[in-house]
Every structure is written in structure tokens, then in C-alpha cells.
């Protein structure tokens, strides 16, 4: 099974919002923020996932990662995250952050490490989306170094 990943276009907005609603994700994507998101399509050209990349300097925050479980296969999450990392690198991100609900072994397996709020750069901690999603007790912040060590 194949997939295509591309920048979100304004014409994708309704389909993405419908997918977020089905996934019970409360985040709203405004038209002006479309350029911060990528979408994933299956072989039939059906939109099956999205993720946002909010950049601030050389830092990036992956946000609103949603895959339609009915239209994807299990390994697609891994492939999509790998593409997201490559996309962030291509966009000049040196350190990438993500937030999960509790433990997420998949992020660890891909090279992300857990970080505390105290270790977080101010630029990421001050992002509205970061502040919203970390209000729950089980929110875990992850960090990935895009720069070769």
C-alpha cells in the first residue's frame, strides 16, 4: 500500500475538519494556517491523515496528528511520522517536539526522548497549541534532534 504526502491546500480544509471531527479532535484549523499542515492520501487519492508543523526559529512542534483508522494500515503511522521528521528537517527545524497522551512507545522507537517542561525552550512552551494540549495530567512532551550530532 502506498501513500502520498503533500502540503495542505485550502481546498482540503473541509475534508480535514471532517476527519478531525470524526476523530473527536477539538482543534480547529483556520484557512490562514493551512500552510502549516501536510496531508496524507492513500493510493486512491483519499485524504486519510494530517499533521501540523508549528515552527518558531529552529524549533518545531508536531501538532494535531490524525490518521483515519478505517482507511489506513498499522505501519502507516510509522511511515507518516518518518515523513513528518524529514519534512521538518527540510523546513529548517533542528529540534522537533511532539506531545502525546501518556506514553507512546512509537515516538521512543523513532528516536524521540521524553522531556520535562523545564527542559523545553521558551519558544515552544509559549505556543498556544502547546499550552492547550499540555493541560491534561497525562500529557507527555517528546523531543527529537533533527541535526546530526
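Quick one: in the stretch 22-42, which of the residues that are in a helix (DSSP H, G or I) and in contact (Cβ under 8 Å) with a residue 12 or more places away in the chain is surrounded by the fewest Cβ atoms within 10 Å (Cβ to Cβ)? Break it down stepwise before answering.
Going through the stretch 22-42, the residues in a helix (DSSP H, G or I) turn out to be 22, 31-36.
Next, from what is left, pick out any that are in contact (Cβ under 8 Å) with a residue 12 or more places away in the chain: 22, 31, 33-36.
Details: 22: 12, 31: 8, 33: 14, 34: 18, 35: 13, 36: 20.
That would be 31.
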Where a residue in the stretch 107-126 is in a loop (DSSP other than H, G, I, E, B) and its partner, wherever it lies, is modelled with pLDDT of 95 or more and exposed (fewer than 14 other Cβ atoms within 10 Å of the Cβ), with Cβ under 9 Å and at least six apart: 111/145
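So, in the stretch 127-137, of the ones that are part of a loop (DSSP other than H, G, I, E, B) and modelled with pLDDT of 85 or more, which residue ends up farthest from residue 52 (Cα to Cα)? Give the derivation first.
The first filter runs over the stretch 127-137 and keeps only residues part of a loop (DSSP other than H, G, I, E, B), leaving 127, 134-137.
From the residues that got through so far, the ones that are modelled with pLDDT of 85 or more too are 127, 134-135.
On the way: 127: 13, 134: 16, 135: 19 Å.
Residue satisfying both the conditions and the ranking: 135.
Identify, from the list 8, 3, 19, the residue that is more than 19 Å from residue 91 (Cβ to Cβ), surrounded by 14 or more Cβ atoms within 10 Å (Cβ to Cβ) and in contact with a helix residue (DSSP H, G or I) (Cβ under 8 Å, 6 or more places away or on another chain).
Working: 8 fails: more than 19 Å from residue 91 (Cβ to Cβ); 19 fails: in contact with a helix residue (DSSP H, G or I) (Cβ under 8 Å, 6 or more places away or on another chain).
Among 8, 3, 19, only 3 is more than 19 Å from residue 91 (Cβ to Cβ), surrounded by 14 or more Cβ atoms within 10 Å (Cβ to Cβ) and in contact with a helix residue (DSSP H, G or I) (Cβ under 8 Å, 6 or more places away or on another chain).
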Unmet criterion (only one of (1) over 15 Å from the mean Cα position of the chain (by Cα); (2) surrounded by 14 or more Cβ atoms within 10 Å (Cβ to Cβ)) for residue 87: (1)
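Could you check the stretch 74-106 and list, in sequence order, the residues that are part of a loop (DSSP other than H, G, I, E, B) and either touching a strand residue (DSSP E or B) at 6+ places or on another chain (Cβ under 9 Å) or modelled with pLDDT of 90 or more (or both)? Quick ask: steps written out before the conclusion?
So the first thing to find is which residues in the stretch 74-106 are part of a loop (DSSP other than H, G, I, E, B), and the list is 74-75, 91-94, 102-104.
Selection gives 91, 92, 93, 94, 102, 103, 104.
Could you please let me know if residue 70 is more than 24 Å from residue 30 (Cβ to Cβ), out of contact with any strand residue (DSSP E or B) (no Cβ under 6 Å at 6 or more places or on another chain) and either part of a helix (DSSP H, G or I) or in contact (Cβ under 8 Å) with a residue 40 or more places away in the chain (or both)?
Against the criterion (more than 24 Å from residue 30 (Cβ to Cβ), out of contact with any strand residue (DSSP E or B) (no Cβ under 6 Å at 6 or more places or on another chain) and either part of a helix (DSSP H, G or I) or in contact (Cβ under 8 Å) with a residue 40 or more places away in the chain (or both)), residue 70 does not qualify.
Select from the stretch 53-67 the residues that are modelled with pLDDT of 90 or more and touching a strand residue (DSSP E or B) at 6+ places or on another chain (Cβ under 6 Å) and list them in ascending order. Lay out the reasoning, then the answer.
We begin by selecting, within the stretch 53-67, every residue modelled with pLDDT of 90 or more; these are 53-62.
If the condition is that a residue be modelled with pLDDT of 90 or more and touching a strand residue (DSSP E or B) at 6+ places or on another chain (Cβ under 6 Å), then 53, 54, 59, 60, 61, 62 are the ones that fit.
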Output for the stretch 27-76, where each listed residue is more than 16 Å from residue 128 (Cβ to Cβ) and within 13 Å of the chain's Cα centre (by Cα): 38, 39, 40, 49, 50, 51, 65, 66, 67
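The values are calculated or read from the model by the stated rules, or taken from the named source; none is laboratory data. Here the structure is a predicted model, which is why all the values come from computation and not from measurement. Every residue, glycine among them, receives a Cβ derived from its backbone with ideal geometry; neighbour counts consider all protein chains shown.
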